[in-house]
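Shown next, in structure tokens, is the structure this report addresses.
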Amino acid sequence: MDWSVPVILQKEYFGEIALIETVPRTAAAVALEETTLRIIGVKSIVPYFKKNPDAMEKVLNNVILHVTIG
């Protein structure tokens, strides 16, 4: 099976589906070089989204893409 592996760059994110749905992971990630990750849970992201609605819109658009494209 041939896999397409996206590369996530600085200031990009993954795992946004977990912010709106409590389902098992839909993907895994492996760092290609030394990496620092920030884990953000639902309890801390909600106040951030209230202060930054543009950020919430961006995340929701990505969730929609994941759901509709697969």
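The values are calculated or read from the model by the stated rules, or taken from the named source; none is laboratory data. Quick caveat: nothing in here was measured; it's all calculated off a predicted structure. For the accessible areas, the whole protein counts, side chains as well, though only heavy atoms, and no ligand, DNA or RNA atoms are used. Shrake-Rupley method; radii C 1.70, N 1.55, O 1.52, S 1.80 Å.
Being aliphatic (A, V, I, L, M) and at pLDDT 85 or above: is that true of Ala55 here? It is true that Ala55 is aliphatic (A, V, I, L, M) and at pLDDT 85 or above. Considering region 32-59, the residues that are assigned to a helix (DSSP H, G or I) and of a type in the set (Lys, Arg) include one that is most open to solvent (accessible area, probe 1.4 Å), namely Lys43. Filter region 14-31 down to residues that are not in a loop (DSSP other than H, G, I, E, B) and not β-branched (Val, Ile, Thr) and give me whichever is least open to solvent (accessible area, probe 1.4 Å). Of everything passing the filter in region 14-31, Glu16 is least open to solvent (accessible area, probe 1.4 Å). Out of region 32-52, which residues are of a type in the set (Gly, Ala, Ser) and at pLDDT below 85? Matches in region 32-52: Gly41 only.
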